[in-house]
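Shown next, in structure tokens, is the structure this report addresses.
What follows draws every value from the coordinates through simple rules; no lab data is involved. Values in this document were obtained by computation on a predicted structure and should not be read as measured data. Ideal geometry is used to build each Cβ from the backbone, glycine not excepted, and the neighbour counts take in all protein chains shown.
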Amino acid sequence: MAGMTIEHPAERGGAGRDRFAAFAERASNVTSSPLFYVLCVVLVLGMVVVHLMHLPLHWLVFAGDVMTAVNLLLLALLKNTERRATHAIQAKLDAIAELMLEQREGTGHRAADELRRAIGMEEGQ
């Protein structure tokens with residue numbers, strides 16, 4: 001685990017972080033869809049059917065292991081999405097505060113440019 005870091009995901013650099021961030025964003029979009037919800041309901045109903053059919057214990061354990069693995073993966077994606085969203089909100093708040101101070105002091109326009117970048121205004125142009 002020499003490559004593991006405890007830095008905030010948004011503060012890590014490198015191409016690997018970009019690939020993971022893109023993957024996490026796509027996975028978050030999929031897991032928040034109605035189709036994925038239906039898939040989860042089917043998976044839970046499948047667990048109920050497995051128990052009602054009185055299958056051998058090893059099938060029950062396997063089904064439980066699958067559910068546990070899915071839960072762990074979804075938890076990791078949820079936490080990643082939460083942390084990225086929190087970091088984005090904090091960056092916007094910091095840019096707004098800096099802009100307000102800059103306007104109060106009558107100094108340059110660097111904070112306004114930073115605020116435009118933080119809220120993604122240049123992306124739509």
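Just to check, using Stokes-Einstein with a Kirkwood Rh over alpha carbon pairs, what's the diffusion coefficient of segment 16-125 at 20 °C and 1.002 mPa s in µm²/s?
For the chosen part, D equals 120 µm²/s.
Please report the base-10 log of the normalised intensity I(q)/I(0) for segment 60-113, using a Debye sum with one equal scatterer per alpha carbon and no solvent, at each q in 0.22 (1/Å).
Result of the Debye calculation: -0.80.
By per-residue mean of other Cβ atoms within 10 Å, what is the highest-first order of 90-99, 61-70?
Highest-to-lowest ranking by the protection proxy: 90-99, 61-70.
So, by mean Cβ neighbours within 10 angstrom, what's the order for 42-50, 81-89 with the highest one leading?
81-89, 42-50
In a Debye calculation with equal point scatterers on the alpha-carbon sites of segment 51-90 and no solvent, what is log10 I(q)/I(0) at q = 0.17, 0.19, 0.25, 0.33 Å⁻¹?
Debye output, listed in q order: -0.57, -0.62, -0.79, -0.97.
Looking at 96, 74, 64, which one has the Cα that reaches farthest to the positive end of the dipole of segment 49-124 (charges on Cβ: Lys, Arg +1; Asp, Glu -1)?
The residue sitting farthest along the positive end of the dipole is 64.
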